[in-house]
Protein chains: 2
Amino acid sequence: MIEMMDNGILRCDCSAVHEEVVTRVKKQMPKEENLYDLAELFKVFGDTTRVKILWALDNAEMCVCDISVLLNMTKSAVSHQLRVLKQARLVKYRKDGKNVYYSLDDNHIASIFELGMAHINE
Amino acid sequence: MIEMMDNGILRCDCSAVHEEVVTRVKKQMPKEENLYDLAELFKVFGDTTRVKILWALDNAEMCVCDISVLLNMTKSAVSHQLRVLKQARLVKYRKDGKNVYYSLDDNHIASIFELGMAHINE
DNA sequence: AACATAGTTGAATGATTGTTCAACTGTTTC
DNA sequence: GAAACAGTTGAACAATCATTCAACTATGTT
């Protein structure tokens, strides 16, 4: 039997065509929480500005002003996005005088981007 | 000198602090178009439902009804998301009678998800 | 032919989100 | 101390998006 969800109400408007497949796959699925976190991570990658920032920081440590000039955006817009990247533990920063220097905080990023590019150029 | 953008108007409200870094990084950046496509791809990954569908299809070929039961969602909602995945060339399908069977159309997906999980569990 | 089921589709809606704007903090320099 | 600059922040706005709903197509069954 198909396992019921939390509330016991089946939202789906059909009966399983291949019950054995569904139950088997259900067992092999990661925890709901992990899948949610995974989607949240990709959501961070799912914005042109953030992708550009990450790609840039993969090449060099940069301050907010540098990134602003590079991407031709306001410091504010860049700062907002850096905050998102910071919260996702993708970038780290160090302060030096008036400047705040950002750099990558994860060595998986380049690999993930490579794989993404591989899919696009196919 | 920092290269001007298309319209010649600098949106950024500051002068580059490290001009040489900016120009060097700018040279090493991929084409605007490729970075856009990359972000678009990750945008597809950036939704819990789609992540679940892809993870499920990595384990077995399934029809819409199966996925609906597995995720406890309406066929309509699942079908909408399958369309997005189809457009991104991430899933393919075959028709058989009343059923439409979906399966993965890219062997990078599992690797990308693995790397994403690696970042989360750190 | 009529009916049930699998799946798709378009419009509508509520929620999320990226950028802008203005105001702010903090550091350096004159 | 005041001006200048780097960076942050919160509210507001426009745009995007995931799900729902209702109507539809198409295939199989009786």
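A few notes on this one:
- Set side by side, the residues B:Glu122, B:Glu114 differ, and just one is surrounded by fewer than 17 Cβ atoms within 10 Å (Cβ to Cβ) and closer than 22 Å to B:Leu41 by Cα, which is B:Glu114.
- Filter result for the condition that a residue is at the interface with chain B (Cβ under 7 Å from one of its Cβ atoms) and under 13 Å from B:Val21 (Cα atoms), over A:Ala39, A:Ala60: A:Ala60
- The residues of region B:45-62 that are more than 12 Å from DNA strand D (Cβ to nearest atom) and acidic (Asp, Glu), listed by number, are B:Asp58, B:Glu61.
- Residue match in region A:19-32 (condition: in contact with a helix residue (DSSP H, G or I) (Cβ under 8 Å, 6 or more places away or on another chain), of a type in the set (S, T, N, Q) and within 14 Å of DNA strand D (Cβ to nearest atom)): no
- Of the residues in region B:63-82, at least one is in contact with a strand residue (DSSP E or B) (Cβ under 6 Å, 6 or more places away or on another chain) and either away from DNA strand D (no atom under 16 Å from the Cβ) or of a type outside the set (A, V, I, L, M) (or both).
- Test: residue in region B:14-23 that is under 29 Å from B:Leu115 (Cβ atoms), facing chain A (nearest Cβ under 7 Å) and either assigned to a strand (DSSP E or B) or within 13 Å of DNA strand C (Cβ to nearest atom) (or both): no
- Tabulated pairs, region B:10-22, first in contact (Cβ under 8 Å) with a residue 60 or more places away in the chain, second within 11 Å of DNA strand D (Cβ to nearest atom) and in a helix (DSSP H, G or I), C-beta under 6 angstrom, 6+ apart or interchain: none
- Qualifying positions in region B:39-72 - more than 12 Å from DNA strand C (Cβ to nearest atom) and closer than 21 Å to A:Leu54 by Cβ: B:Glu40, B:Leu41, B:Val44, B:Phe45, B:Val51
- For the criterion of being closer than 14 Å to A:Ile67 by Cα, of a type in the set (A, V, I, L, M) and modelled with pLDDT of 95 or more, B:Val25 passes.
- Search result, residues across region B:45-57 that are surrounded by fewer than 20 Cβ atoms within 10 Å (Cβ to Cβ), touching a Leu at 6+ places or on another chain (Cβ under 7 Å) and either in a loop (DSSP other than H, G, I, E, B) or more than 7 Å from chain A (Cβ to nearest Cβ) (or both): B:Thr49
- Hey, B:Ser76 more than 29 Å from A:Ser111 (Cβ to Cβ) and either away from DNA strand C (no atom under 11 Å from the Cβ) or more than 9 Å from chain A (Cβ to nearest Cβ) (or both) or not: no
- Unique match (being among the hydrophobic types (A, V, I, L, M, F, W, C) and touching a residue at least 12 places away in the same chain (Cβ under 8 Å)) among A:Val64, A:Val69: A:Val64
- One residue stands out among those in region A:86-116 that are of a type in the set (D, E, K, R) and within 12 Å of chain B (Cβ to nearest Cβ): the one that is nearest to DNA strand D (Cβ to nearest atom), which is A:Lys98.
- Scanning region B:58-83 for residues that are among the polar types (S, T, N, Q) and part of a helix (DSSP H, G or I) returns B:Asn59, B:Ser68, B:Ser76, B:Ser79, B:Gln81.
The values are calculated or read from the model by the stated rules, or taken from the named source; none is laboratory data. Everything numeric here is computed off the predicted structure, so don't read it as measured data. Here Cβ is always computed from backbone atoms with ideal geometry, including for glycine, and neighbour counts include all displayed protein chains.
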